[in-house]
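See below for the structure under consideration.
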Amino acid sequence: MHLIYEKGRVRLYYMPTDKFKTETLSVTFCAPLTQEKAYGNALIPMVLNRGSKTYPTTGAVTKHLMGLYGASFGVDVDKRGEIQLLQFQSDYIAPAYAQNCPDIGRQMGEFLVDIITNPVVSDAGGFDPAYFRQERSNTDQFIRSEINDKQSYAMRRCIETMCKEEPFGISELGSLGDGDGLTPETLYRDYQENFLQKMPVRIFCCAMQEPTALIEQLEAGGVLTSGASVQPLDLGYRAVPKCTLQEVTEYAEVLQGKLNIGFRTNTAPDSLDYPALYVMSTLFGGGPQSKLFMNVREKHSLAYYASSRLERYKGLMYVTSGIDVGNKEQAQRLILAQLEEIQQGHITAAELEGAKATVIHGLRGLSDTQFSLMNYYVGQSFLEKATSVETYIEQIQSVSKEDVIRVAQRVVADTIYFLTSKEGFRHG
Amino acid sequence: MDKLIYSSLGETLYTFTHSSGLPVILIQKKGFTRKFGVIGVDFGSVNTCFQVAGEPITTVPQGIAHFLEHKLFEQEDGNVLEKYTRMGASPNAATGFSNTYYYFNCTDRFEDCLRLLLHFVFHPHLTPENVEKEKGIIEQEIRMYEDDPYYQSMLGVIRLLYQKNPVRNDIAGSVEDIRGLNRDLLMKCYNTFYRPDNMCLTIVADEDPIAVQALVESVEIPGNVLPGVRRISEPEPAVLYGKMDRKYMDVSLPLFHFAFKDRHEAYRGAARVRRDLAGTIAKEMLFGRHTDFYEQLYAEGLINQEFGASYEIEREFALAMISGETERPEEVENRVRGHLAQIAKVGLDLEDFRMVRASIAGKMLKKLNSPESLGTMVCVSSLQGVQAFDYFTACGTITFDEVDRVFREVFLGDMAVSLVENERSRSL
């Protein structure tokens with residue numbers, strides 16, 4: 001991935017490729033995650049997605065994309081650490097396979113710029129009121145529907161509890177009620193003054209040829225014209241070497257209990273120790289070779305899944321598991337005991353090599369999916385110094401047992417969250 | 001070794017048969033780092049009643065194919081999942097209605113990974129103790145799905161379509177089913193169905209085909225030849241088993257699945273591929289995002305981004321489905337019925353057909369990007385007597401009449417309705 005263009009708050013990264021049948025183009029706007037702004041920011045891409053002056057309806061947008069060999073386009077809202085990401089992503093058939101449309105890349109660039117910069121505007125000088133109202137209602141529905149997926153619901157509740165005093169505890173979609181004061185006009189003003197003028201923008205293009213036309217299109221569309229001062233982005237990493245363990249139990253209509261544990265890693269995202277932390281977390285709970293899988297699942301048959309993963313940028317590690325509601329104490333003890341094992345250095349050479357091999361396999365595989373590669377570099381673009389996948393692999397290879405023990409000893413449990421069944425519950 | 005060149009797709013398929021009778025398909029994917037190997041068995045969750053020539057009829061509990069899939073990973077000298085991850089590869093398996101398949105994904109040590117695949121699948125190590133131990137794990141897997149409202153809504157609609165067809169049963173069986181399983185029953189199924197000529201190995205990797213062939217031939221695979229096996233299934237009535245099903249779960253909005261039944265038994269080989277593509281085009285013309293129907297319901301807040309339609313045909317079943325979430329399921333149901341009646345009157349649009357067909361062709365091409373989805377599709381299709389690449393080459397040749405036929409034969413038939421609602425709505 002090469003940074004081929006940088007001006008003011010905009011960076012364009014390009015990755016040359018010819019092994020795929022498709023090319024991808026994504027544009028990401030970045031904002032600090034705040035309770036005040038999160039909901040409105042998240043609403044902007046949803047409203048823009050409904051149509052532009054050129055393609056004013058969902059039907060017009062979809063038909064245009066169908067005409068481009070079934071190109072896909074979508075918007076997404078996410079967060080990395082305490083940075084909210086507003087993403088516009090597309091992929092389309094590579095020109096070599098699009099016989100009647102050799103300039104498909106240029107057309108997709110044009111389309112994306114149009115959707116982002118040329119929205120339908122009402123006579124009152126705001127976003128289309130119907131689009132605004134419908135997307136607000138959809139966002140609210142979407143926030144409410146988190147309860148439908150108990151696994152991710154439990155995860156989110158665990159994070160909210162752990163980070164209730166920090167911006168990271170805020171959902172990337174904001175909360176119900178946060179949008180109550182918004183109108184199509186105030187949101188549009190914010191779109192013009194903040195979104196288009198001030199938010200840092202990261203553009204990623206994975207294609208056979210450098211996207212030269214894209215830069216002209218962006219400049220013509222006004223995305224690049226303002227060199228306004230860049231808001232500093234803070235990932236929100238925090239060291240919390242000591243914390244009082246919080247325990248929360250909540251009830252729902254479930255047959256299976258969800259036990260989640262949140263930890264503070266106390267290893268910064270750009271620390272030289274980060275590769276060792278990644279190996280540590282993988283050894284602990286990242287896959288079938290891990291201590292959690294081998295013990296919680298295989299040895300004690302307590303769970304179908306029990307795994308850990310990292311939130312690199314905020315400095316967190318989470319364990320998630322689905323267990324019989326009666327086995328909470330045993331499962332919790334077992335999970336925490338596996339971490340202690342690592343902290344005390346009870347790691348075999350085979351476990352260490354297995355974890356490293358798993359991490360390296362995952363990193364090598366990144367180059368085979370365009371979207372995961374872009375995802376990796378979006379995160380890297382927030383660090384002082386970006387690390388290429390190749391260098392990262394070398395760093396992983398040189399992680400030693402001592403490194404793993406050292407980073408493990410800095411990991412502390414912060415929050416234990418348990419979602420369990422109301423007494424005697426069966427689905428009706 | 002036979003060689004099939006698909007020049008318009010930029011792909012080549014190599015096929016040969018191992019001396020044991022195991023068919024092998026190889027796709028060389030130039031430039032890809034990841035290598036994928038999958039071995040499929042023509043044995044799935046529906047095969048619970050069969051007769052080996054010269055023996056009485058055997059009936060086994062539901063969920064046995066899935067249980068066997070879990071158990072094959074356990075070898076005398078350790079867990080296969082763990083062995084793979086120690087090599088840096090990611091392994092997994094899946095059980096469907098008609099097939100079971102086991103696969104690995106690696107970026108290194110391809111030969112070891114492939115040898116391990118061909119070893120563990122042909123050398124089961126089941127003991128009464130390790131069968132017992134697995135029950136706790138699978139019980140949690142079943143509970144996880146029982147708490148998943150989307151899955152429950154879908155299962156609900158399949159049970160309305162089919163009265164006798166075993167696709168109405170949960171692939172993993174129920175907790176009661178699996179408690180009744182033992183080593184002898186599992187081995188009976190293994191010995192009956194896990195025979196090289198009832199399986200297929202597929203490899204998608206940037207590897208020299210001649211070398212791969214030599215490698216596969218060098219592995220000794222036990223013949224395990226048995227006399228013929230008769231799969232027994234009860235005849236399924238053409239009419240729906242039921243029209244309406246309601247379940248109550250902890251959901252924020254009611255979830256719905258509407259479904260129609262097609263005659264799966266009427267299509268084989270290339271004809272099944274054409275029916276599949278025609279059905280996919282039909283559902284997109286009727287309910288795609290470009291349609292006025294979608295736009296109208298979305299604008300009225302009756303549906304959201306979760307709304308979608310699908311058409312599927314496999315050897316064991318064929319159905320079209322419409323699903324989503326809504327505050328007013330009855331209204332959405334009425335609108336779907338009204339829409340279909342209206343199209344029945346005015347007919348499908350030829351221009352729209354051309355546009356949708358081209359976009360589906362583009363979407364099909366994207367599948368070639370992923371070694372996993374391509375390899376799995378090729379392997380499973382082959383077990384079901386279908387040439388997977390027909391999907392890519394036939395798409396452009398599907399006619400308007402074929403699509404119109406699916407519309408009239410399927411979408412104008414009886415519609416089953418399955419809802420999952422919140423307990424609170426029961427009293428309303």
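Only the coordinates and a few stated rules stand behind these numbers; no lab work does. Predicted, not measured: the structure shown is a model, and the values here were computed from it. Note that each Cβ is placed from the backbone with ideal geometry, even for glycine, and that neighbours are counted across all protein chains shown.
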Open item on the list: Can you compute the radius of gyration and Dmax for chain A, using only the Cα atoms, both in Å?
Closed with: 23.1, 69
Open item on the list: Just to be sure I understand the model, the point goes 7 Å from the Cα along the line to the Cβ. What's the resulting B:THR15 to A:GLU329 distance in nm?
Closed with: 6.1 nm
Task: Calculated FRET efficiency for the pair A:ARG189/A:GLN246, C-beta based, R₀ 35 Å, to 0.05 - done: 0.30
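At 0.36 nm per residue, and after removing the present C-alpha to C-alpha distance, how many nm does the segment from B:GLU176 to B:ASP197 gain when stretched out fully?
4.3 nm
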TODO: Pop a pseudo-label 7 angstrom from the Cα along the beta-carbon direction at both B:HIS125 and A:GLU216 and give the gap in nm to one decimal.
DONE: 6.5 nm
Task: For region A:2-221, average projected area of the Cα convex hull in nm² - done: 13.1 nm²
TODO: Compare the peptides A:236-245, B:14-23 by average per-residue count of other Cβ atoms within 10 angstrom and give them in order, highest first.
DONE: B:14-23, A:236-245
- [ ] Return the lysines within reach of A:LYS242: Cα separation strictly under 22 angstrom, same-chain partners fewer than 8 residues apart disregarded; answer none if there are no such residues.
- [x] A:LYS164, A:LYS314
Open item on the list: Full-extension gain between B:GLN387 and B:GLU55, please, as 0.36 nm times their residue separation minus the C-alpha to C-alpha distance.
Closed with: 116.1 nm
- [ ] Would you please report the Å³ per residue occupied by the convex hull of the alpha carbon atoms in region B:87-238?
- [x] 177 Å³
Open item on the list: Viscosity 0.692 mPa s, temperature 37 °C: give me the Stokes-Einstein translational D for region B:244-426 in µm²/s, with Rh taken as the Kirkwood radius over C-alpha pairs.
Closed with: 188 µm²/s
- [ ] Work out the mean other chain Cβ neighbour count within 10 Å for the residues of A:351-363 and drop it here as an integer.
- [x] 4
Task: Inter-label distance, nm, simple model (7 Å from Cα along the C-beta direction), B:ARG354/A:LYS53 - done: 3.1 nm
- [ ] Would you please put B:355-361, B:115-121 in order of how densely packed they are, using the mean number of other Cβ atoms within 10 angstrom per residue and starting with the highest?
- [x] B:355-361, B:115-121
- [ ] Within 10 Å of each Cβ in peptide A:52-65, how many partner chain Cβ atoms are there on average? Round it to a whole number, please.
- [x] 3
Task: nm² value of the averaged projected area, convex hull over the Cα atoms of the protein assembly as shown - done: 34.5 nm²
- [ ] Please state the charge dipole magnitude for chain B, taken about the Cα centre, from unit charges on C-beta atoms (+1 on K and R, -1 on D and E), reported in debye and rounded to the nearest 20.
- [x] 660 debye
TODO: Please get the size of the charge dipole for region B:2-231, origin at its Cα centre, with Cβ charges of +1 on Lys and Arg and -1 on Asp and Glu, quoted in debye to the nearest 20.
DONE: 500 debye
- [ ] Using amide H atoms built 1.01 Å from N in the peptide plane, name the residues 5+ places from A:ASP414, or on other chains, whose amide H lies under 5 Å from its own.
- [x] A:GLY262, A:PHE263, A:ARG264
TODO: Relative to the longest principal axis of the C-alpha atoms of chain A, give the angle of the C-alpha long axis of helix A:129-144, reported between 0 and 90° and rounded to the nearest 10°.
DONE: 10 degrees
Task: Helix A:349-366 vs. chain A, principal-axis angle (Cα, 0 to 90°, nearest 10) - done: 10 degrees
- [ ] Sketch the reach of a paramagnetic label on A:LEU336 as a point 7 Å from Cα along Cα-to-Cβ, and name the residues of region A:270-309 whose backbone nitrogen lies under 18 Å away.
- [x] A:285, A:292, A:296, A:307-308
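Just from its helices, what would the mean residue ellipticity at 222 nm be for chain B, if runs of 4 or more DSSP H residues each count -39500 (n - 2.57) and the sum is divided by every residue, rounded to the nearest 500 deg cm²/dmol?
For chain B, the value works out to -12000 deg cm²/dmol.
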Task: Descending semi-axes in whole angstrom, ellipsoid equivalent of chain B, from the Cα gyration tensor - done: 37, 28, 20
Task: Cα-centre dipole for region A:42-111 with unit charges at Cβ (Lys and Arg positive, Asp and Glu negative), debye to 20 - done: 200 debye
Task: Net charge of neighbours whose Cβ lies under 14 Å from the Cβ of A:LEU336, counting Lys and Arg as +1 and Asp and Glu as -1 - done: -2
- [ ] Find, among the GluC sites (Glu not before Pro) in region A:32-124, those assigned to loop by DSSP (not H, G, I, E, B) with at most 13 other beta-carbon atoms within 10 angstrom.
- [x] A:GLU36
Task: Residue mean of other protein chain beta carbons inside 10 Å, A:364-371 - done: 5
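Around B:PRO371, what is the net charge, scoring Lys/Arg as +1 and Asp/Glu as -1 over all other residues with Cβ under 14 Å from its Cβ?
+4
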Task: Computed [θ] at 222 nm, helices only, for chain A once each DSSP H run of length n ≥ 4 contributes -39500 (n - 2.57) - done: -11500 deg cm²/dmol
- [ ] Would you mind counting up the charge near A:PHE293? Only other residues with Cβ under 10 Å from its Cβ, with Lys and Arg at +1 and Asp and Glu at -1.
- [x] +1
Open item on the list: Sorting check: for B:242-255, B:335-348, which peptide has the highest mean count of neighbouring beta carbons within 10 Å, and how do the rest follow?
Closed with: B:242-255, B:335-348
TODO: Take every Cα-Cα distance within region A:342-428, group them into 5 Å bins from 0 onward, and report for each bin the whole-number percent of pairs it holds.
DONE: 2, 11, 14, 14, 14, 14, 12, 6, 7, 4, 2
